[in-house]
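Below: the structure, in structure tokens.
No value in this document is a laboratory result; all are computed from the given coordinates. Small disclaimer: the values here were computed from a predicted structure and weren't measured. Neighbour counts run over all protein chains shown; Cβ positions are idealised from the backbone, glycine included.
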Amino acid sequence: MISLISPSEVKNPTSIAIGSFDGLHAGHRKLIKSVVEENHYVPTIASFWPHPREVLYNETRLRLDLPYEKLPILEDLGIEQLVLIPFNKELSKLSAEIFVRDILINQLQAKNISVGANFKFGYKRSGDISTIKNTLKDTDIKLKITPILKDKEGRISSSRIRELLEKSDLKNAFKMLNRPYSFNGKVVKGKGIGKKIGWPTANLEIDGRKFLPGEGVYAAWTTIQNSNQKIESVMNLGSQPTINPILPSAVEVHLINKDIDLYGLNLSIEPIEKLRSQIQFENLDQLSDQIKKDKDHALRIFKHNKK
């Protein structure tokens, strides 16, 4: 299995690319291919953790993929290790030249460095491709530059994928990701109101660093930990306007035509289509009637997708 490791544990010498690789979209995959092609060395991806903007500007940076979620995808692409470089104020003050020399060459033993054409790094992002070229000029280390990948809408980027997910445009997000978007969560105790009205739900505790789609009710596939079976489900993502409008946003999943004790288990959720926005109903009977309509709508979507 691919390893998730610190710089001190790295297997070397490496063929390496450095970046956030958030979403592992087509542009990232092209860059990864150039890393894997250098098969004399250990194909490696290096990323900063936490995100530099979190450390420098106290910004919350929600991720399309958390590090552990990237591992099976990177493994399929031929990467053998994902190195997380701890980012702090001290590291942020390193010049670009020292970063290449001390981190990439000396510590990670890079023999091939692959970067995108717009790569910026080092103190105040002062380093670029020319910096790397100058630092490598008296070495036998290869530098590969991957052009920016574009489609008819512009540059393929993690930001565009986030915008699509925020608008609940899952279909086009899937196309850019080249895979379904999903997230994981542990089932925790809720208030049991769904069960009382005939629609039991699993309440999920989601890692706060994970980017989620826009609020609403979705048809979604649910996979229970250690199982490959996808279960037809209805997911509510966001507030609970009928139950308690002031409660924080939540993720609840109802498994269609299944009665399974899920408490304490981890679920993987793959939303496939938004059914509707959230509505505040006058009473729980109206909410129950609407959930019945949501279930029927979701089943039509699943049936269509299976064709």
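With Rg and the Kirkwood Rh both taken from Cα atoms, where does Rg over Rh land for the range 110-269?
Rg divided by Rh gives 1.15.
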Among the listed pairs 30/189; 111/186; 167/191, those beyond 32 Å (Cα-Cα): 30/189; 111/186
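Summing -39500 (n - 2.57) over the DSSP H runs of n ≥ 4 in the chain and dividing by its residue number, what mean residue ellipticity at 222 nm do you reach, to the nearest 500 deg cm²/dmol?
So the helix-based figure for the chain works out to -7500 deg cm²/dmol.
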Kindly give Rg over Rh for the chain, based on alpha-carbon atoms, with the Kirkwood expression for the hydrodynamic radius. 1.04
Charge dipole magnitude, Cβ of K and R +1, D and E -1 - the chain, Cα centre, debye nearest 20: 620
At residue 280 and residue 296, where each label point lies 7 Å from the Cα along Cα→Cβ, what is the point-to-point distance in nanometres? 2.7
Mind jotting down the three principal axis lengths of the range 182-306 based on Cα atoms? Whole angstrom, largest first. 39, 33, 27
Can you tell me what share of the DSSP beta bridges in the chain is antiparallel? A percent to the nearest 5 is fine. 60
Taking a label point 7 Å from the Cα of residue 273 along Cα-to-Cβ, the residues of the range 168-196 whose backbone nitrogen sits under 19 Å from it are 168-176, 179-182
Give, in nm to one decimal, the length gained when the segment between residue 76 and residue 179 is fully stretched (0.36 nm per residue of separation minus the Cα-Cα distance). 35.8 nm
Which pairs break 26 Å Cα to Cα here: 175/210; 93/137; 33/93? 33/93
